[in-house]
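This report concerns only the one structure given below.
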Amino acid sequence: MKRNASAKWQGDLKTGKGTVSTDSGVLSETQYSFSTRFENGKGTNPEELIAAAHAGCFTMALSGQLGAANLVAEQLATTATVTMEKVEAGWTVTGVHLSVTGKVPKADAASWEKATAAAKAGCPISRLLNATITMDAKLEN
């Protein structure tokens, strides 16, 4: 399975602007810029998109873990907070904090803890940093 997204950028880092799009059309020429990443400008940024992806992935994985324990959630709600800090090597994502609440009839504390720990460890976005990164780099004149 492969999923595609694209980005375009015009200009320099601080005054330039870009857009991101996905093949599904959920994002279509969605604006991002220096101000949306490091200030409070209107638009999105890569870290926000990572947080959304992680929250969605983890919540689906948790539903799967609960199902494996014969439990069905009435509701699961997850917020992922991505922290980016300037370190010696430059701006770096230094962590993600998942905050999840669930309404799961018949679940006890032990089954909830087991399911959330397994979902945190097993969701593909949680394992993202261990992924192989490949690249094609083409310079056009």
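For every residue, the table says whether it meets (1) of a type outside the set (Gly, Ala, Ser); (2) surrounded by 16 or more Cβ atoms within 10 Å (Cβ to Cβ).
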{"site": "Thr30", "(1), (2)": "yes, yes"}
{"site": "Gly41", "(1), (2)": "no, no"}
{"site": "Ile50", "(1), (2)": "yes, yes"}
{"site": "His54", "(1), (2)": "yes, yes"}
{"site": "Ser63", "(1), (2)": "no, yes"}
{"site": "Ala68", "(1), (2)": "no, no"}
{"site": "Gln75", "(1), (2)": "yes, no"}
{"site": "Ala80", "(1), (2)": "no, yes"}
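State yes or no: is Lys14 within 20 Å of Lys86 (Cβ to Cβ) and among the basic types (Lys, Arg)? Criteria met by Lys14. If you check Leu66 against the conditions, is it modelled with pLDDT of 95 or more, at negative phi and touching a Gly at 6+ places or on another chain (Cβ under 9 Å)? Yes, satisfied. Of the residues making up region 52-88, those that are under 23 Å from Gly16 (Cβ atoms) and either in contact with a Leu (Cβ under 8 Å, 6 or more places away or on another chain) or among the hydrophobic types (A, V, I, L, M, F, W, C) (or both) number 2. Scan region 85-99 and give yes if some residue there is open to solvent by 40 Å² or more (accessible area, probe 1.4 Å), in contact with a strand residue (DSSP E or B) (Cβ under 9 Å, 6 or more places away or on another chain), in contact (Cβ under 8 Å) with a residue 12 or more places away in the chain and small (Gly, Ala, Ser), otherwise no. Within region 85-99, one or more residues are open to solvent by 40 Å² or more (accessible area, probe 1.4 Å), in contact with a strand residue (DSSP E or B) (Cβ under 9 Å, 6 or more places away or on another chain), in contact (Cβ under 8 Å) with a residue 12 or more places away in the chain and small (Gly, Ala, Ser).
Does Ala107 satisfy the criteria of being modelled with pLDDT of 90 or more, surrounded by 11 or more Cβ atoms within 10 Å (Cβ to Cβ) and within 22 Å of the chain's Cα centre (by Cα)?
Here the answer is no, as Ala107 does not meet what is asked.
Let's see how each residue does on (1) touching a helix residue (DSSP H, G or I) at 6+ places or on another chain (Cβ under 6 Å); (2) closer than 23 Å to Cys123 by Cα:
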| site | (1), (2) |
| --- | --- |
| Arg3 | no, yes |
| Lys17 | no, no |
| Phe58 | yes, yes |
| Leu62 | yes, yes |
| Lys86 | no, no |
| Thr94 | no, yes |
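Filtering region 17-28 to residues that are hydroxyl-bearing (Ser, Thr, Tyr) and either open to solvent by 40 Å² or more (accessible area, probe 1.4 Å) or over 27 Å from Glu85 (Cβ atoms) (or both) leaves Ser21, Thr22, Ser24, Ser28.
The values are calculated or read from the model by the stated rules, or taken from the named source; none is laboratory data. These numbers come from a predicted model, not from an experiment. Every residue, glycine as well, gets a Cβ built from its backbone with ideal geometry; the counts of neighbours run over all protein chains shown. Quick note on the areas: whole protein, heavy atoms, side chains included, nothing else; ligands and nucleic acids left out. Shrake-Rupley method; radii C 1.70, N 1.55, O 1.52, S 1.80 Å.
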